[in-house]
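Engineer: Dropping a structure here in structure tokens format, bear with me for questions.
None of the figures in this text is laboratory data; all of them are computed from the coordinates on show. Everything numeric in this text was worked out from a predicted model, so none of it was measured. Virtual Cβ from ideal backbone geometry, glycine too; neighbours counted across all protein chains shown.
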Amino acid sequence: MVRMPCSNLLWLNILILYVITNGGVKASHKVYPQFQSLTTLNITQLHRTAFHFQPPKNWINGIFSHHYLFLPFSFQFVSSLIHLSCPMYYNGIYHLFYQYNPKGAVWGNIVWGHSVSKDLVNWETLEPAIYPSKQFDINAAWSGSATILPNNTPIILYTGVDSNNMETQNYAVPANLSDPYLRRWTKPRNNPLINAENGVNVSAFRDPSTAWRVKGQWKVVVGGKWNRRGVAHLYESIDFIRWTKAKHPLHSAPNTGMWECPDFYPVLLSGKKGLDTSELGKHVKLKHVLKVSLDETRYDYYTVGTYVRDEDKYVPDNRSVDGWADLRYDYGNFYASKTFFDPAKERRILWGWVNESDSTQDDVKKGWAGIQEIPRRVWLDPSQRQLKQWPVEELNTLRGENVEMSHQKLKTGRHIEIKGITAAQADVEVTFHIGSLDIAESFDPRRKDAQGLCANKGPKVEGGVGAGQSSLRKNNTTIPPEIHARKSDSGGRDTKNLLDFG
């Protein structure tokens, strides 16, 4: 069903394509030791996904959580960092590494799960790539990133929690490069590569980025904080083994809290073509993007700006604001994201983790929890103010029968039902043609969050210009969540965030 809760007329074209399988998602912010190693015997297929990645069973995640471990007559507070790991393209194979519980459907026993694909759609699950096993990661093997060295050797940098509960940066390499799936990974004896020192907060020092190269010197950033200042610590190396801390961070910002999962990469000023992380713009015009996952809000935010190579610092554009006042990849539950460069199709692809609302007991019953968001291609908008994104083209292979409706004229409060949908999941494309924005509702410039305005008003509060979509039960009642958008007039203010979704 499509709803038009506004007073303007729109022309609507709708294309619905669907598959015959079912799907789902999950989140838990508590530790349940009684369930952590409870073997999954039966997998409930109801609500399992068809468009999104998830392993055959058990828990995956990509969010930072503070967990409460409940014990008889007492409880213990446990700070547990559970992030999305890293995607990688290597010799014709896409690799996805993720935080995974091999023993159950709730958080616990976390290792690096590993799956491979040739098309980003059909995945084969392999044995886990990294376990906590050495002194430098015995208490945890948290997230990190992959870098392909000039000799075509992949290397993973990741955060370990050592026997003293200090966060360290370590590396792993394939045990057998002739194995196209890179099933086994080893941790060399010279780990850790980077320790927290020189004023670095040892309990807030994690998630090394993909490395880039400047004049023969490797660079990498590690997320951190000092008091409430978010920090992207910068480290340098000639040989990728011996790293030294730079004189200053790549970037930092006050009052933003811990910066997790930093991601730093170049984007062309025009076009959808992606760039290798080490592309510095010698022959092309580009900008850089710095994305951080904010612990305090548990959302991902990014800025667009300039990488000043000679000074090793990143400067956001004047229109980009650090922290939660500016741009997000996704305005839903989306956290700990990571991009990678796909050289086969010259594109940059974004992955992220999405949580669910099922109870822990339901997760145990169904035998699985958590999904990865569908992979998306990202590029710079022609305005050079923000990114654009779209699902990767390979997902079109999942589409089945088409149901189309076009040239529908919508009036205030009118509902149009789209008939003929029989699948449990549908891939919906909707195009609205708006005749005039003259009657758009005004936006109070004192409000910092246009997104919050849309969410607070909801789909039933009429505005000047807007539209929405919802699902319809057999008894003609709608199924939440409804998707709706409203357009606001900024009164001269920058309008890039004023088409808002709730």
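Engineer: Pulled fully out, how much extra length does the chain show between D276 and A424, if you take 0.36 nm times their separation in residues and subtract their Cα-Cα distance? Spell out each step's value before the answer.
Structural biologist: Details: separation 148, 0.36 × 148 = 53.28 nm, distance 3.84 nm.
So the extension gain works out to 49.4 nm.
Engineer: Tell me the label-point distance for the pair N122, T297, using the 7 Å Cα-to-Cβ offset, in nm and rounded to one decimal.
Structural biologist: About 4.1 nm, to one decimal.
Engineer: Follow-up. Over the alpha-carbon set of the range 177-265, work out the extent along each principal axis and list the three values in angstrom, largest first.
Structural biologist: 48, 28, 27
Engineer: Which aspartates and glutamates does K245 reach when only Cα atoms under 15 Å apart count, and residues fewer than 8 places away in its own chain are ignored?
Structural biologist: E197, E236, E311, D312
Engineer: When the C-alpha atoms of the range 153-209 are aligned to their principal axes, what extent does each axis show, in angstrom, from largest down?
Structural biologist: 42, 22, 14
Engineer: Now for a different question. For Cα pairs less than 8 Å apart in space and 6+ apart in sequence, what is the mean separation divided by the residue count of the range 224-351, i.e. the relative contact order in percent? Display every interim value, and only then the final one.
Structural biologist: On the way: 262 pairs, mean separation 26.4, N = 128.
That works out to 21 percent.
Engineer: Same structure, new question: With a cut-off of 8 Å between alpha carbons and a minimum separation of six or more residues, what is the relative contact order of the range 136-197 in percent?
Structural biologist: On the way: 120 pairs, mean separation 17.5, N = 62.
It rounds to 28 percent for the range 136-197.
Engineer: Provide the packing ranking of 315-326, 252-263, 129-140, i.e. peptides ordered by the mean count of other C-beta atoms within 10 Å per residue, highest first.
Structural biologist: Final packing ranking: 252-263, 129-140, 315-326.
Engineer: Taking R0 as 41 Å, what's the FRET efficiency between D438 and R399 from their Cβ-Cβ distance, rounded to 0.05?
Structural biologist: Rounded to the nearest 0.05, the efficiency is 0.65.
Engineer: List the extent of the Cα atoms of the range 105-191 along each of their three principal axes, largest first, rounded to whole Å.
Structural biologist: Sorted from largest, the Cα extents of the range 105-191 read 41, 37, 17 Å.
Engineer: OK, next. With respect to the cross-link table entries K225/K338; K187/K338; K219/K273; K118/K215; K291/K388, which display a Cα-Cα separation exceeding 25 Å?
Structural biologist: K118/K215
Engineer: Which shape class applies to the range 302-356: rounded if a/c is under 1.5, otherwise prolate when a/b exceeds b/c and oblate if not, where a ≥ b ≥ c are the square roots of the Cα gyration tensor eigenvalues?
Structural biologist: It comes out oblate by the Cα gyration axes.
Engineer: OK, next. Rounded to the nearest whole Å³, what is the per residue volume of the convex hull around the Cα atoms of the range 236-385?
Structural biologist: In the range 236-385, the Cα convex hull volume per residue is 169 Å³.
Engineer: Another question, if that's okay. Where does the charge balance sit around S293 when Lys and Arg score +1, Asp and Glu -1, over other residues with C-beta under 10 Å from its C-beta?
Structural biologist: It works out to a net charge of -2.
Engineer: State whether the range 87-231 is rounded, prolate or oblate according to the following rule on the C-alpha gyration tensor (a ≥ b ≥ c being the square roots of its eigenvalues): a/c under 1.5 gives rounded; otherwise a/b larger than b/c gives prolate, and the remaining case gives oblate.
Structural biologist: Here the range 87-231 falls in the oblate category.
Engineer: Quick one: net charge around K245, please, counting Lys, Arg +1 and Asp, Glu -1 for every other residue with C-beta under 14 Å from its C-beta.
Structural biologist: 0
Engineer: Starting at 0 and stepping by 10 Å, how many percent of the alpha carbon pairs of the range 343-415 end up in each bin?
Structural biologist: Taking every Cα pair in the range 343-415, the percentages come to 13, 24, 27, 29, 7.
Engineer: If you don't mind, there's one more thing I want to ask. Extension gain S359-L149, at 0.36 nm per residue separation less the Cα-Cα distance, in nm?
Structural biologist: Working: separation 210, 0.36 × 210 = 75.60 nm, distance 4.30 nm.
Residue separation times 0.36 nm, minus the Cα-Cα distance, leaves 71.3 nm.
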